[in-house]
Amino acid sequence: MSSPPATRPAVEPAGDERLRELAARKVAPLRRPGRWVAAAVVLVLLAQLAHALVTNPVFQWDVFGYWFFRPVILDGLLLTLELTGLSAVFGLVGGVVLALMRLSKNPLLQAVSWAYVWIFRSIPLIVLLLFLVNVTALYNTLSLGIPFGPSFVRFSATDLLSFFVVAVLGLSLNEAAYAAEIVRSGIISVDQGQLEAAAALGLPRSRQYRRIILPQATRAIVPAYANQLIGLLKGTSVVYITSLLELFGVVETQASTNSGQIIPLLLVGTAWYVILTSVLSVVQYYVERYFSRGALRTVPPTPLQRFRARLRSAGVAR
């Protein structure tokens, strides 16, 4: 009777064994001494800056706290927000109209839009405001009626153009010139091949703009216009020359009245501007994130989501 043949043990390939050895080894993190040194230098500089701010009595932090929530400061802050909001809306509407005029096939509309942008980007904002304040010296009355014909309604220019109206008008005219270029650059950034494909499919022009151009153009417009909006917010500080006391106007007036409190009052104005621009930056971040959904496969997590993920990895939160 013959015995069954002995089976030979399977021999693993040398490559697989080597891979298991490498996988079992502990991965040592890459040393980055330069990064640690740079972080230490930055921390020392920040600590020195904080020490200088806290220990220098000239800053008068108690006076800063006294003025920060004073009603006169909050009234100026509210006026700054009103000027920024109204000028942003009117400026954006005007900018969209000017951008569409510049992109139209009509040479007259193109020329008018180009001339508007050229003139109002060339005039400093403070000069424009001073001109509008003194426009009543040129025209005492304003009227509505048939061009070069009879007028139906007449207004007193002095009553119509108050300091607030002049400030909103000047800021809006200046804002529209910059917004027009931002909107136009966003529209022309859309790939022309997509428009040609939409036209080949027979989509109407209005639907091409609504479904194809605007969603993609908005992605390019939002970051640039958010920067322009922050510039508008800070630009409202110029309107104090029209005797309109917005945030900086109030700070400047109170500083001239209380000569020993100039530094804390300037710090109050600076702090409020920093807070407002920070809020606008947060809004800009979430708007950009919303419109990036069509361009990115995965939307990056928000800072709050990253913070929660780190807490979960550390076992602090679920």
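The values are calculated or read from the model by the stated rules, or taken from the named source; none is laboratory data. Please read all numbers here as calculations on a predicted model, not as lab measurements. We place every Cβ from the backbone using ideal geometry, glycine too, and count neighbours over all the protein chains shown. With ligands, DNA and RNA removed, areas are computed over all heavy atoms of the protein, side chains included. Shrake-Rupley method; radii C 1.70, N 1.55, O 1.52, S 1.80 Å.
Would you pick out the residues in region 136-154 that are surrounded by 13 or more Cβ atoms within 10 Å (Cβ to Cβ) and hydrophobic (A, V, I, L, M, F, W, C)?
Result: Leu142, single match.
List, please: which pairs have Cβ atoms under 6 Å, are six or more places apart or on different chains, and start with a residue in region 182-202 that is of a type outside the set (Gly, Ala, Ser) and end with one that is open to solvent by 50 Å² or more (accessible area, probe 1.4 Å) and at pLDDT 85 or above?
Cβ pairs passing all conditions: Val183/Val96; Arg184/Arg102.
Is at least one residue of region 164-172 part of a helix (DSSP H, G or I), without any contact (Cβ under 8 Å) to a residue 12 or more places away in the chain and either touching a His at 6+ places or on another chain (Cβ under 6 Å) or β-branched (Val, Ile, Thr) (or both)?
Taking region 164-172 as the starting set, the residues that turn out to be part of a helix (DSSP H, G or I) are 164-172.
Of the ones still in play, those that are also without any contact (Cβ under 8 Å) to a residue 12 or more places away in the chain are 165.
Now restrict to residues that are either touching a His at 6+ places or on another chain (Cβ under 6 Å) or β-branched (Val, Ile, Thr) (or both): 165.
There is at least one residue in region 164-172 that is part of a helix (DSSP H, G or I), without any contact (Cβ under 8 Å) to a residue 12 or more places away in the chain and either touching a His at 6+ places or on another chain (Cβ under 6 Å) or β-branched (Val, Ile, Thr) (or both).
Do you know which residues across region 97-125 are under 22 Å from the mean Cα position of the chain (by Cα), assigned to a helix (DSSP H, G or I) and not small (Gly, Ala, Ser)?
Correct list: Val97, Leu98, Val117, Phe120, Arg121, Leu125.
Name the residue, out of Glu288, Glu246, that is surrounded by fewer than 16 Cβ atoms within 10 Å (Cβ to Cβ), of a type in the set (D, E, K, R) and touching a helix residue (DSSP H, G or I) at 6+ places or on another chain (Cβ under 6 Å). Before the answer, list the steps.
Working: Glu246 fails: surrounded by fewer than 16 Cβ atoms within 10 Å (Cβ to Cβ).
That would be Glu288, the only listed residue that is surrounded by fewer than 16 Cβ atoms within 10 Å (Cβ to Cβ), of a type in the set (D, E, K, R) and touching a helix residue (DSSP H, G or I) at 6+ places or on another chain (Cβ under 6 Å).
Does region 216-230 contain at least one residue that is without any contact (Cβ under 8 Å) to a residue 12 or more places away in the chain and part of a helix (DSSP H, G or I)?
Yes.
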